[in-house]
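The values are calculated or read from the model by the stated rules, or taken from the named source; none is laboratory data. Since we're looking at a predicted model, the values are computed, not measured. Every residue, glycine among them, receives a Cβ derived from its backbone with ideal geometry; neighbour counts consider all protein chains shown.
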Amino acid sequence: MMRVFQLTNGMMSGDAVSNHVLEIDARLRRWGYNTDIFAEYIAPEMETRVRPDAECADLLKDPNSLLIYHLSIYNPNYRYFLQARGKRILVYHNITPAHFFRGWDARLEMQCVLGREALKELVAVADLSLGDSEYNRQELVQAGAPLEKTGVLPIFLSDFGAQPADAAQLRQLTQKNTTNWLTVGRVVPSKGIHDLIRLFSVYQRAINADAILYIVGSTGMPAYTDALFKLTQSLGVSDRVVFTGRVSDTLLTTYYRAADLYVIASYHEGFCVPAVESMYFGVPVLSRKTTALPETLGDAGILFTHLGYEPVAEMAHLLVSDSEIRDRVIKKQKEQLQTFNSARVENKLRQFIDWVNVR
Amino acid sequence: MKTIENTSQPPLEIRDPSLNSADILRRIESQISRRRAENKYPAVDELQAAWLPLVPDTASVRIDDDYIFQLLKELTVDSYLQEVRFSSSVPMVGWLIVAIRRAWNWMSTRWYVLPVLKQQTRYNEQVIISMYRLLQSNLALQQQIDELRQQLSKLENASGGE
């Protein structure tokens, strides 16, 4: 039986790509493959399941092996994919265009530039290049992947709801009868958090004084985070905007359960797992219409094509206060959720593995 | 699907056919009119002027110096140091040689070599990032020079070539 290896930048709990890698691994094992996972960064909780990337070099000399490489940011370990002698599948999770980080974080900016350069080399040698959305698949083609060697494999999302909410925290978040806006993800400029805070300030000041915006995600870019703090002060909403930082899976579930509205002001998303999580938790989504977001949301949720504060804030108000509109939006979101059904994704994965095997 | 196309209002897209999008958009417009009359909304100017540090507007600067960029890319790949993996082609006892070497390598690498490799990798990375910043800065300056030249040329033409 062919050995199948997966190689990625880093493996850590609570990370969508890491979860996807583990889900693929579980299915491959169930289908009888010998598998291994390699990464450059391995979080302590992953040390028993993941091996350092340097250890895959010898194994990849085997022509009867399959390497699945996950690209989400530049990592020098992509060269193992170029050197592998067996079959190769590239899974592209998208790389944020570098200009979003210019002036904020030179390291991240350069990693994004190099990542997109590496993409061209990777698609040139891959037997199959997969995007986790049609948007990402199109970027693969633009990078030079032959059309017939591309496909879409959505991210596995089977862990949703597995974590119970923190009951005490949930009580605290909901008992004050505040209207809770939520956004989840890294606090970086491409996520448009500055736009979101401005939009929220209009809503809070003009429509609903009892609103709170929870920004859940790592604040690893100090210059940008500091700027956002000052922005909340300038707009007089510093006591209404909460930066939680990165949270546990249990707390993340708690925030979703307590949310009245999920707002996406992001400028760039290759898929947007939190949008799907919101659909799962029955939170109406109000999103900027950009990149992969219309595809992920389908006919569900409400989109805005650019930020006009007043109409978008009023739409947010309707989603929160009009039960008929809210219920219909949530219902449609539940229907859209079926697109990402694990059985469907599993079936697609099997087809792609078989396709590569017979070539 | 209905949209608000007034230039002062952003288009909202309601794709779900089960929603009465025309009615929703009408209600939104009505609410906006009412709250505007009551002077409820903060001024857009106030929102946009709220403090956020200026980010250098270099988004339009393209990396067009292929040679330097290629060099930086190669440097980045080489900057990443890794421990050596042993293998041996000696028949019969090759596995033993490899095992002894790996055992020695494990001892020395874990406590001494790996920290040095990581330190060197970090240093290399910082050097490359500094070079990258200089490259960006250089390209931005080049663009400014080009623009100034064009302006100078226009001024000269306007003043009769003097």
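In this structure, is A:Ser238 touching a helix residue (DSSP H, G or I) at 6+ places or on another chain (Cβ under 6 Å), of a type in the set (Gly, Ala, Ser) and within 12 Å of chain B (Cβ to nearest Cβ)?
Here the answer is yes, as A:Ser238 does meet what is asked.
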Exercise. Counting only residues that are over 17 Å from A:Arg288 (Cα atoms) and either assigned to a loop (DSSP other than H, G, I, E, B) or polar (S, T, N, Q) (or both), how many does the stretch B:11-29 have?
Worked result: 5
Problem set entry | Residues within the stretch A:109-134 that are more than 10 Å from chain B (Cβ to nearest Cβ), buried (at least 20 other Cβ atoms within 10 Å of the Cβ), part of a helix (DSSP H, G or I) and hydrophobic (A, V, I, L, M, F, W, C), tallied | 4
Problem set entry | Members of the stretch A:178-196 that are of a type in the set (Val, Ile, Thr) and either within 12 Å of chain B (Cβ to nearest Cβ) or in a loop (DSSP other than H, G, I, E, B) (or both) | A:Thr178, A:Val187, A:Val188, A:Ile193
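Regarding the stretch A:214-225, can at least one residue be identified that is closer than 30 Å to B:Arg34 by Cα, within 13 Å of chain B (Cβ to nearest Cβ) and touching a strand residue (DSSP E or B) at 6+ places or on another chain (Cβ under 7 Å)?
no
Of everything in the stretch A:252-272, what is in a helix (DSSP H, G or I) and modelled with pLDDT of 95 or more? Give them in sequence order.
Within the stretch A:252-272, the first condition is being in a helix (DSSP H, G or I), and the residues that meet it are A:252-258.
Once the filter is applied, which keeps residues that are in a helix (DSSP H, G or I) and modelled with pLDDT of 95 or more, the stretch A:252-272 yields A:Thr254, A:Tyr255, A:Tyr256, A:Arg257, A:Ala258.
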For this session: Show the residue pairs that are 6+ apart or on different chains and have beta-carbon atoms under 8 Å apart, the first residue being within the stretch A:48-64 and in contact (Cβ under 8 Å) with a residue 40 or more places away in the chain, the second being assigned to a helix (DSSP H, G or I).
Result: A:Asp53/A:Tyr80; A:Cys56/A:Tyr80; A:Leu60/A:Tyr80; A:Leu60/A:Gln83
Exercise. Taking the stretch A:73-90 as the search range and keeping residues that are in contact with a Ser or Thr (Cβ under 9 Å, 6 or more places away or on another chain), surrounded by fewer than 21 Cβ atoms within 10 Å (Cβ to Cβ) and more than 19 Å from A:Asp354 (Cα to Cα), which one is farthest from the other protein chains (Cβ to nearest Cβ)?
Worked result: A:Ile73
Exercise. Has the stretch A:148-156 got any residue that is under 24 Å from A:Asp322 (Cβ atoms) and over 21 Å from the mean Cα position of the chain (by Cα)?
Worked result: no
Problem set entry | Test for A:Tyr69: is it buried (at least 20 other Cβ atoms within 10 Å of the Cβ), under 25 Å from B:Leu75 (Cβ atoms) and touching a residue at least 24 places away in the same chain (Cβ under 8 Å) | yes
Seminar exercise, completed: Picked from the stretch A:290-324 (must be at pLDDT 95 or above, farther than 23 Å from A:Arg205 by Cα and within 10 Å of another protein chain (Cβ to nearest Cβ)), the residue surrounded by the fewest Cβ atoms within 10 Å (Cβ to Cβ) is A:Glu324
Exercise. Any residue at all in the stretch B:36-51 that is more than 38 Å from the chain's Cα centre (by Cα), at pLDDT below 75 and not aromatic (Phe, Trp, Tyr)?
Worked result: no
For this session: Scan the stretch A:201-224 for residues that are touching a Ser or Thr at 6+ places or on another chain (Cβ under 7 Å), over 12 Å from A:Val241 (Cα atoms) and of a type in the set (Ser, Thr, Tyr) and report the count.
Result: 1
For this session: Could you tell me whether A:Ala227 is over 21 Å from the mean Cα position of the chain (by Cα), modelled with pLDDT of 95 or more and assigned to a helix (DSSP H, G or I)?
Result: no
Seminar exercise, completed: Counting only residues in the stretch A:234-267 that are over 20 Å from A:Leu293 (Cβ atoms) and of a type in the set (Gly, Ala, Ser), the one surrounded by the most Cβ atoms within 10 Å (Cβ to Cβ) is identified as A:Ala258
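Matching residues to (1) assigned to a strand (DSSP E or B); (2) of a type in the set (Lys, Arg); (3) under 21 Å from A:Met315 (Cβ atoms); (4) free of Cβ contacts under 8 Å to residues at least 40 places away in the same chain:
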residue: A:Arg198; (1), (2), (3), (4): no, yes, yes, no
residue: A:Gln204; (1), (2), (3), (4): no, no, yes, yes
residue: A:Gly220; (1), (2), (3), (4): no, no, no, yes
residue: A:Leu231; (1), (2), (3), (4): no, no, no, yes
residue: A:Ser238; (1), (2), (3), (4): no, no, no, yes
residue: A:Thr250; (1), (2), (3), (4): no, no, no, no
residue: A:Pro274; (1), (2), (3), (4): no, no, yes, no
Seminar exercise, completed: Selection over the stretch A:122-171 where residues are β-branched (Val, Ile, Thr) and without any contact (Cβ under 8 Å) to a residue 24 or more places away in the chain yields a count of 2
